[in-house]
Every structure is written in structure tokens, then in C-alpha cells.
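Colleague: The structure under discussion is supplied below as C-alpha cells; questions concerning it will follow.
Derivation of every value follows stated rules applied to the coordinates shown; laboratory data play no part. All values reported here derive from a predicted model rather than from experimental measurement. Cβ sites come from the backbone with ideal geometry, for glycine too, and all protein chains shown count toward neighbours.
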Amino acid sequence: MSYADYDLNPLLLALDLASLGEGALSAGELLKRQRRMFTDHGYEPDHDVAASLTRLGGELAAVLRRDAEDEFIDALSALLDAQDCRPHLTRHDGVASPHLHYAKDGAPLIEWMSSMAVTGLVLYVCRNGRSRLHPCAADGCGRWFADTSRNRSRRYCSGTCASRTTVAAYRARLSPPAAPR
Ligand SMILES: [Zn+2]
Ligand SMILES: [Zn+2]
């Protein structure tokens, strides 16, 4: 993983958790998508943690759903306060580039994960604001993603969602409206 990954990964974790909290991502999918994040840090999560992850995801989603900017920042700040953050600098015993950890090494998985995800979101918002954080616009998706395109034009979480939507729109144009009976 590069430095940029270490910088961005906590945000992506927060967004996956928010998607889980809103039912747009299953616990199994989240564990698969974030596998590297866990194994690189000595965690082997199983489905026993699903309920705790979903609760944490619900809290993150509730913050992201705040419309008013002031309320969003206040809610984010309150969520950060609720974490037991212990920032420290690590290189994973010399095998990785230096980066911040947000909980003590070996902390219980949920504690480690929530401090990482919440801090990741806070750091991102302080640098970039939240205008690039959206739920996917594709029907039946709704996963949270960060639009990193230069012109801020992405509406879908993935190429799959974008092409699925394009195909559906194309079919809708082709099929004539149902005749009145
Ligand atoms: Zn690390
Ligand atoms: Zn999507």
C-alpha cells in the first residue's frame, strides 16, 4: 500500500460502514472489501462482529445524512468525542511507510475500527469538505462513495452502477409506453 492509500483508506472504510448502516452493503461484502485493512493490522474479523459494525455504520450514516452544514459538523464532532482515540505513528515494524494509527495496537476490533473510520472521515472533511461524499444514484444501490473526479461529476459508486443505469435508461427509451386499455 502507498502513503496515499493509508491516507484515504480510513475514509473509504467510513463510507463502507455508512453503506452497511443503511443496508446498501452487506456485512459479508464489507469484510471482503476491507479484508486487506484488517489483515494488514493483524485482525481476522468474522461474522460475529456484523451487528457492531452495522451499529457503527448507522451512526456514521446518520452524521452524513445531516443536511445543514452546522449540524453535520456538530454531529461529526460528537461522534469523534465518543471514540477512544490514541493516535500513534507506526511503520508496522518497519514493513510499511509511516502512517497514523488511531487506536492502540491490539485494541478490540470494533474500538480500533471505529476510531480509525471516524478519524478518517474527520480528517478528510477538514481538508476537503464533504461536497464529494455522496450516496450512489443508481436504482437499488445507494452506497456511499467519494467522488475523486476532477470535475466532480461522478454520480455512481462504480462502473457497474453507471453502466447498469445507462442500459436501463436506454431500454426505457426503446420500449414504447404501455398502451391505455
Ligand atoms: Zn497501519
Ligand atoms: Zn452504486
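Colleague: For segment 101-181, what log10 I(q)/I(0) values come out of the Debye formula at q = 0.24, 0.25, 0.26 1/Å, with one point per alpha carbon and no solvent?
Modeller: Here log10 of I(q) over I(0) equals -1.07, -1.10, -1.13.
Colleague: When L12, L89 are ordered from fewest to most other Cβ atoms inside 10 Å of their Cβ, what list results?
Modeller: With the fewest neighbours first, L12, L89 line up as L89, L12.
Colleague: Does the chain classify as rounded, prolate or oblate by the C-alpha gyration tensor (a ≥ b ≥ c root eigenvalues; a/c under 1.5 gives rounded; else a/b over b/c gives prolate, otherwise oblate)?
Modeller: prolate
Colleague: Taking the Cα centre of the chain as the origin, how large is its charge dipole in debye, to the nearest 20, when only Lys and Arg (+1) and Asp and Glu (-1) carry charge on their Cβ atoms?
Modeller: Result for the chain is approximately 1160 debye, rounded to the nearest 20.
Colleague: For V125, V95, what's the fewest-to-most ordering of other Cβ within 10 Å of each Cβ?
Modeller: Fewest-to-most ranking of V125, V95: V95, V125.
Colleague: Something else about it: Need the full-extension length gain, H99 to C126, defined as separation in residues times 0.36 nm minus the C-alpha distance. One decimal, nm.
Modeller: In short, 7.9 nm is gained.
Colleague: Oh, and also: Most exposed first by the Cβ proxy, i.e. fewest other Cβ within 10 Å, how do E22, E71, E44 rank?
Modeller: E44, E71, E22
Colleague: Mind checking the full-extension length gain between L8 and S149? Use 0.36 nm per residue of separation minus the Cα-Cα distance, one decimal, nm.
Modeller: Here the answer is 49.3 nm.
Colleague: On a full-extension model of 0.36 nm per residue, what is the gain between K32 and T160, subtracting their alpha-carbon distance, rounded to one decimal in nm?
Modeller: 44.3 nm
Colleague: Hey, another quick one. For segment 89-149 and segment 14-84, what is the separation of their Cα centres, given in Å?
Modeller: 9
Colleague: At 24 Å minimum axial length over the Cα atoms and a Kyte-Doolittle cut of 0.0, report the qualifying DSSP H helices in the chain, or say none.
Modeller: 3-21, 109-128
Colleague: May I pose another question? How long are the semi-axes of the equivalent ellipsoid of segment 1-101, defined as square roots of 5 times the Cα gyration tensor eigenvalues? Whole Å, largest first.
Modeller: 24, 19, 12
Colleague: Now for a separate question. Compute the signed sum of charges (Lys and Arg +1, Asp and Glu -1) over the other residues within less than 13 Å, Cβ to Cβ, of D81.
Modeller: -3
Colleague: Give the long-range amide H neighbours of W144: residues separated by 5 or more places, or on another chain, with amide H under 5 Å away, using H modelled in the peptide plane at 1.01 Å from N.
Modeller: Long-range HN contacts for W144: S19, C136.
Colleague: A follow-up question, please. Obtain the nm distance between the two label points defined at Y170 and D74 by a simple spin-label model: each point lies 7 Å from its Cα along the Cα-to-C-beta direction.
Modeller: If labels sit at Y170 and D74, their model points lie 4.8 nm apart.
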